[in-house]
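Below: the structure, in structure tokens.
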Amino acid sequence: MRTPLPSHLGALREGVALLLRHPWLAFSLVLLAMVLAQLGPALELAAGATPSLLIQPIFGFVGLLPLEMYFVPKLQARLDAETLDTPGNPAAGWREGFDRRWALAFLVRLGLSVAIGLGLLLFLVPGIVILTLFGWAPMRMLLRGEAPLAALRWSQASMVRHWPRIVQAVLAMMLVALVYQVAAGWSLERLLPTADPDLGPSALLRLKHPAFWLFNLLGGVMNLWLSCSLLALYHRLEAAVLRP
């Protein structure tokens with residue numbers, strides 16, 4: 001009888017260890033995440049946008065773009081180099097490799113996000129399939145220097161073989177993030193009982209109220225932990241692919 005393969009849920013714990021590897025760097029990135037998250041409502045006010053639950057995530061994404069585009073991938077590249085020191089991302093030259101790769105990797109990630117979003121919006125299942133099969137391609141490009149097509153093929157071939165345990169770990173990460181979002185939303189409703197449930201709190205209130213700064217700080221911690229946990233999960237996937 002074949003012994004079942006162990007789960008990859010340990011990646012959640014390993015994400016914490018990676019995050020704490022450089023505590024002051026992590027703390028500075030969390031503070032940056034908090035400030036950039038508050039840039040969203042500031043941009044809404046500057047643009048004179050009408051309060052809307054649809055508009056808020058758009059401006060929020062724009063505000064957090066520098067973090068997602070540059071600072072978080074740079075942290076992942078550094079942690080990968082320090083823990084594995086591979087030829088594709090050596091500890092001695094990870095900065096140079098990152099500077100060459102990050103822009104193209106982000107563009108591929110953005111393109112995949114658009115394709116996934118359209119698939120989820122229109123038919124649901126295609127979006128999930130695209131995310132499952134090709135979601136690792138940007139990280140493969142960033143950390144191993146592969147071309148976009150080669151990275152997409154690697155992600156697809158790897159996930160076809162190993163998707164059950166990888167998806168299980170990703171769902172566990174999403175569950176943790178969902179619990180945080182529900183708890184944060186519940187707390188804000190208690191702190192701001194007069195907020196319009198249809199429009200949400202105004203941009204000025206989100207910019208000024210300390211609760212939003214606090215929850216954006218905690219959201220920054222959650223974002224960095226998820227990024228480190230996904231890196232740990234990617235390492236596990238690579239090891240599984242290389243295992244005979």
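Here the stretch 1-27 is the region considered, the condition is being part of a helix (DSSP H, G or I) and not hydrophobic (A, V, I, L, M, F, W, C), and the residue that is surrounded by the fewest Cβ atoms within 10 Å (Cβ to Cβ) is P23. The single residue among R243, R161, R190, R165 that is charged (D, E, K, R) and surrounded by 13 or more Cβ atoms within 10 Å (Cβ to Cβ) turns out to be R165. Evaluating K208 against the criteria (1) among the basic types (K, R); (2) over 30 Å from P87 (Cα atoms); (3) in contact with a helix residue (DSSP H, G or I) (Cβ under 7 Å, 6 or more places away or on another chain) leaves one unmet condition, (3).
Beta carbons closer than 8 Å, at least 6 apart along the sequence or on distinct chains, pair a first residue in the stretch 182-204 that is more than 19 Å from A42 (Cβ to Cβ) with a second that is modelled with pLDDT under 80 and of a type in the set (G, A, S) for E189/A195. For V221, the conditions (1) open to solvent by 50 Å² or more (accessible area, probe 1.4 Å); (2) touching an Asp or Glu at 6+ places or on another chain (Cβ under 8 Å) are fulfilled apart from (2). Residues that are out of contact with any Gly (no Cβ under 8 Å at 6 or more places or on another chain), open to solvent by 20 Å² or more (accessible area, probe 1.4 Å) and touching a residue at least 60 places away in the same chain (Cβ under 8 Å) number at least 2 in the following helices (runs of 4 or more DSSP H) confined to the stretch 28-143: 72-84. Checking A151, A240, A177, A211 one by one, the residue that is among the hydrophobic types (A, V, I, L, M, F, W, C) and in contact with a Lys or Arg (Cβ under 6 Å, 6 or more places away or on another chain) is A151 and no other. Could you tell me whether A147 is surrounded by 18 or more Cβ atoms within 10 Å (Cβ to Cβ) and out of contact with any Gly (no Cβ under 7 Å at 6 or more places or on another chain)? No; evaluated as a whole, the condition is false for this residue.
The values are calculated or read from the model by the stated rules, or taken from the named source; none is laboratory data. Just so we're clear, the structure is a prediction, and the values are computed from it rather than from any experiment. Note that we place each Cβ from the backbone using ideal geometry, even for glycine, and neighbour counts take in every protein chain shown. We work out accessible area using only protein heavy atoms, side chains counted, and drop any ligands, DNA or RNA first. Shrake-Rupley method; radii C 1.70, N 1.55, O 1.52, S 1.80 Å.
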